[in-house]
Amino acid sequence: AIWVNGDKFELGPEAVGHAESLQRAWCELRSTLDIWHTSKFQSGSTPKVTRVEMAERLTVLDDTWAKFERQYISELIAIEEKARALIVNAVKFEAQLQKLSRGTAGHKEAELGLVRCVAHLN
């Protein structure tokens with residue numbers, strides 16, 4: 001979860017799915033590296049992991065990482081837009097307050113709106 005301005009945001013199912021795929025790709029690469037490392041240091045042993053297998057694992061990791069990162073960044077941008085909306089609204093209410101005379105209905109509404117925005121931020 002990500003908390004912004006007191007609001008909790010969860011990653012969407014697509015980002016979570018990409019994160020799980022990325023975790024699996026890391027595990028597969030680590031397992032392949034373990035096999036390669038073990039076979040490399042056994043005397044007289046031929047490598048049990050080919051260059052092609054290692055390249056495939058790295059390619060899968062790179063692809064899954066890119067998909068996760070693309071989705072994660074897209075969701076962070078959406079979260080940032082929602083968080084920024086609160087500030088934008090506060091600025092609008094402040095601008096209204098500057099234009100309206102104290103004691104008018106519009107002034108009171110703008111003042112309440114600004115107070116709500118600031119209270120939400122705190």
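Looking only at segment 40-90, filter to residues that are of a type in the set (Val, Ile, Thr) and over 30 Å from residue 110 (Cβ atoms); which one of those is surrounded by the most Cβ atoms within 10 Å (Cβ to Cβ)?
Here the answer is 64.
Identify the residue in segment 1-29 that is among the aliphatic types (A, V, I, L, M), closer than 28 Å to residue 83 by Cβ and surrounded by 12 or more Cβ atoms within 10 Å (Cβ to Cβ) and, among all such residues, is farthest from the chain's Cα centre (by Cα).
Here the answer is 22.
Going by the conditions given, is residue 108 surrounded by 12 or more Cβ atoms within 10 Å (Cβ to Cβ), more than 35 Å from the chain's Cα centre (by Cα) and assigned to a loop (DSSP other than H, G, I, E, B)?
No: the conditions fail for residue 108.
With the condition kept exactly as written, say whether any residue in segment 77-84 is touching a helix residue (DSSP H, G or I) at 6+ places or on another chain (Cβ under 7 Å) and either assigned to a helix (DSSP H, G or I) or under 30 Å from residue 19 (Cβ atoms) (or both).
no
Against the definition (open to solvent by less than 70 Å² (accessible area, probe 1.4 Å), touching a Ser or Thr at 6+ places or on another chain (Cβ under 9 Å), hydroxyl-bearing (Ser, Thr, Tyr) and in a helix (DSSP H, G or I)), how does residue 32 come out, yes or no?
Here the answer is no, as residue 32 does not meet what is asked.
Which condition breaks for residue 114 when tested against (1) open to solvent by less than 80 Å² (accessible area, probe 1.4 Å); (2) out of contact with any helix residue (DSSP H, G or I) (no Cβ under 6 Å at 6 or more places or on another chain)?
Result: residue 114 fails condition (2) only.
The values are calculated or read from the model by the stated rules, or taken from the named source; none is laboratory data. Treat the numbers as computed from the prediction; the structure is a model and nothing was measured. Using ideal geometry, Cβ is built from the backbone for each residue, glycine included, and neighbour counts are taken over all protein chains shown. Surface areas here come from the heavy atoms of the whole protein model, side chains and all, with no ligands, DNA or RNA. Shrake-Rupley method; radii C 1.70, N 1.55, O 1.52, S 1.80 Å.
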